[in-house]
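Heads up, the thing below is written out as C-alpha cells.
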Amino acid sequence: MVLEDNRFPLIEKGQLKAVLTDKRTAHLYDLPHSGAAAGDYDDVPTIDSSHGGSLSFRTDSRNLKEALGGEPAIFAFISSGGDFTADGAYAAPLQVSFLFDGRRLLGKLPEFSVRSHLDKMLGEDYIGTFDNDLFYFGDLPSQLQGYKMTIVQ
C-alpha cells in the first residue's frame, strides 16, 4: 500500500479520525487501512515501531511564548505511568517538571499528577505543536506540544 505523501492523518482539526492499523486489523474491525505494518522479510507484517516506522506530528504553531499569551506553563520532563481509560480520560504523574515562561525554565516543581480527557486535549485544551528550538534532546529534531490540563495531588 502506498499512501499519498507517505502520510495518514490520525487527527484532523481536533478530532480523532483514525487509528493505526495493519491490513488484517483494518479488515477485522472494518477500519481504514493506515499502512502502519512492517516486518522482516519472512514475517507477517504487523504494527511494530522497531522497524523504523515513525509517528510524527505536523508543526502547526510557531511561537510558544506567544501561544501561552504571557501565562506560565509547566514543562513536563519526566512522566512515567500515565494512562488513558476506555472512555478517553487521561491521567499521569509528573516526576520531574519545571515552571516555564515559554522561553526558559524558571524552577523545578514538586511531583504531582495531571489529568484531562482525549476530546479536550485534541480540541479546546490544545495549545499547539511547536518545533523545539529551546531544549537539546540529542541530535534528532524534536517538537514540543502544549495542552491545558488539570493539576491534581
**Prompt:** Across segment 9-43, what is the total count of residues that are part of a loop (DSSP other than H, G, I, E, B) and modelled with pLDDT under 80?
**Reply:** 5
**Message:** Among the residues of segment 71-93, are any surrounded by 10 or more Cβ atoms within 10 Å (Cβ to Cβ), part of a helix (DSSP H, G or I) and more than 18 Å from the chain's Cα centre (by Cα)?
**Reply:** no
**Complete:** Reported set for segment 16-35 where residues are surrounded by 14 or more Cβ atoms within 10 Å (Cβ to Cβ) and closer than 15 Å to residue 4 by Cβ is 18, 33, 34, 35
**Fill in**
Note on segment 107-126: residues part of a strand (DSSP E or B) and at pLDDT 95 or above are 107, 108, 109, 112, 113, 114, 115, 116, 117
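Have a look at 127, 78, 74 and point out the one that is closer than 30 Å to residue 38 by Cβ, hydrophobic (A, V, I, L, M, F, W, C) and out of contact with any Cys (no Cβ under 9 Å at 6 or more places or on another chain). Show your work before the answer.
Values: 127 fails: closer than 30 Å to residue 38 by Cβ; 74 fails: closer than 30 Å to residue 38 by Cβ.
Exactly one residue qualifies, and that residue is 78.
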**Condition met for residue 133 (within 26 Å of residue 9 (Cα to Cα) and more than 17 Å from the chain's Cα centre (by Cα))** = yes
**Item:** Subset of segment 99-117 [within 30 Å of residue 15 (Cβ to Cβ) and surrounded by 15 or more Cβ atoms within 10 Å (Cβ to Cβ)]
**Value:** 100, 102, 113, 114, 116, 117
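The values are calculated or read from the model by the stated rules, or taken from the named source; none is laboratory data. Since the structure is predicted, the reported quantities are computational estimates derived from the model, not experimental observations. In this analysis, Cβ positions are derived from the backbone assuming ideal geometry, glycine residues included, and neighbour counts consider all displayed protein chains.
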